[in-house]
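Shown next, in C-alpha cells, is the structure this report addresses.
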C-alpha cells in the first residue's frame, strides 16, 4: 500500500506551504470582494434612454386665462395641442403670440402622425368671433377640437 505523502515531507515545509496558501487565499478574496457596478450602470443608462425617448412633451400656451365655467364636461388626455385666446384677443401658443393664419400649420406641425386633439383655452372676455375662426382653422388639420373650461363645482 502507499504511504502518506506527509511522512516524507518535513513538518516545516508543510507548515510554510499551508501558510502561503492561506495568505494567497486572503489576498485573492480581498480583490474579488468588490461589487462590479458596470452592469448596473449599463442598465440605468438603458432605462434613462428609454424614458427620455418615450416621454411626450406638452407645450403650454404661456398665459393664464380666466376660463368660463361649464355645467357639463369631460376630461381630455394630457397630450394635446394647446392654444390660448386672451382677454385682449391675442392667440398664444408655446409662450409666444401667433397670428390667426398660423393656427393650421402649428396644429399640423405639433400633431404630426399622432392626431393629437386641439384644446383652446379661452378667456371669458375674449371675442367669440375670433374663437370661432380658431376652431374652424384648427378643424382643417384636426378633427378633435375642444374648448377648455373650469371644472363644475360639486
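Kindly provide the set of residues from the range 106-132 that are assigned to a helix (DSSP H, G or I) and touching a residue at least 24 places away in the same chain (Cβ under 8 Å), ordered by number. Within the range 106-132, 106, 107, 108, 110, 111, 130, 131 meet the criteria.
For the condition closer than 22 Å to residue 139 by Cα, at pLDDT below 90 and touching a helix residue (DSSP H, G or I) at 6+ places or on another chain (Cβ under 6 Å), residue 119 does not qualify. Against the list (1) exposed (fewer than 10 other Cβ atoms within 10 Å of the Cβ); (2) at pLDDT below 85; (3) assigned to a helix (DSSP H, G or I), the condition residue 28 fails is (1).
Being modelled with pLDDT of 85 or more, under 25 Å from residue 55 (Cβ atoms) and either touching a strand residue (DSSP E or B) at 6+ places or on another chain (Cβ under 9 Å) or outside any loop (DSSP other than H, G, I, E, B) (or both): is that true of residue 82 here? Considered against the rule, which asks whether it is modelled with pLDDT of 85 or more, under 25 Å from residue 55 (Cβ atoms) and either touching a strand residue (DSSP E or B) at 6+ places or on another chain (Cβ under 9 Å) or outside any loop (DSSP other than H, G, I, E, B) (or both), residue 82 comes out as yes.
The values are calculated or read from the model by the stated rules, or taken from the named source; none is laboratory data. All values derive from a computational prediction rather than experimental measurement. Positions of Cβ are generated from backbone atoms using ideal geometry, with glycine treated the same way; all protein chains shown enter the neighbour counts.
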